[in-house]
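The values are calculated or read from the model by the stated rules, or taken from the named source; none is laboratory data. Please read these numbers as outputs of a predicted model, since none were measured by experiment. Reconstructed Cβ throughout: ideal geometry from the backbone, glycine too, with neighbour counts over all protein chains shown. Heads up: the accessible areas ignore ligands, DNA and RNA and are worked out on the full protein's heavy atoms, side chains in. Shrake-Rupley method; radii C 1.70, N 1.55, O 1.52, S 1.80 Å.
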Amino acid sequence: MPAPAPKSGFGARKSCGALLSQPDEGNSMTNAISVQYLEIVTAEVETTCAALAAQHGVSFSAPEPLLGNARIAKLDGGGRIGVRAPMRDDEASVVRPYLGVVDIDLASKAAEAAGAEIAMPPTGVPGQGKFAYFLGGIQHGLWEL
């Protein structure tokens, strides 16, 4: 017999599914998970951008100061990929996906209630939306437009 679905918290179908829902082209809500922003932190920014551009046929922007000087490329489906250098001497190279959410404040609270370690609480970036990210064995985050 399968385990019952959680009734509350980050794993709850009703609360989390609604928080992760994104409008589809017909303006209805779906429960598909989408990558809103994929952040690659590397000392090899130019090489990484050149490789991704050649492999996937995308173009990267000039450095975007509001996103840590990341060079940005648009992804199919509305997401973006950003490649930037570490901003501090102790920042390690990492690939960090940010999943799109409808309400980042509620989604962050649900993640924290489920045990996520909040490394960056919901933070607004002018013209870019809000993001938050969590630590653990794998760094990942949320992004609300």
Would you call R71 open to solvent by less than 40 Å² (accessible area, probe 1.4 Å), more than 14 Å from the chain's Cα centre (by Cα) and of a type in the set (K, R)?
no
Only listed residue being open to solvent by 40 Å² or more (accessible area, probe 1.4 Å) and free of Cβ contacts under 8 Å to residues at least 12 places away in the same chain, chosen from D105, D90
D90
Taking the stretch 120-140 and the residues there that are under 14 Å from Y37 (Cβ atoms) and β-branched (V, I, T), the one that is surrounded by the fewest Cβ atoms within 10 Å (Cβ to Cβ) would be T123
For the stretch 32-45, indicate whether the set of residues that are open to solvent by less than 40 Å² (accessible area, probe 1.4 Å) and assigned to a helix (DSSP H, G or I) is non-empty.
yes
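The rows are residues; the columns are (1) acidic (D, E); (2) closer than 14 Å to V35 by Cα; (3) assigned to a helix (DSSP H, G or I).
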{"site": "A50", "(1), (2), (3)": "no, no, yes"}
{"site": "S61", "(1), (2), (3)": "no, no, no"}
{"site": "G82", "(1), (2), (3)": "no, yes, no"}
{"site": "R88", "(1), (2), (3)": "no, no, no"}
{"site": "Y98", "(1), (2), (3)": "no, yes, no"}
{"site": "E112", "(1), (2), (3)": "yes, no, yes"}
{"site": "I118", "(1), (2), (3)": "no, no, no"}
{"site": "L142", "(1), (2), (3)": "no, yes, no"}
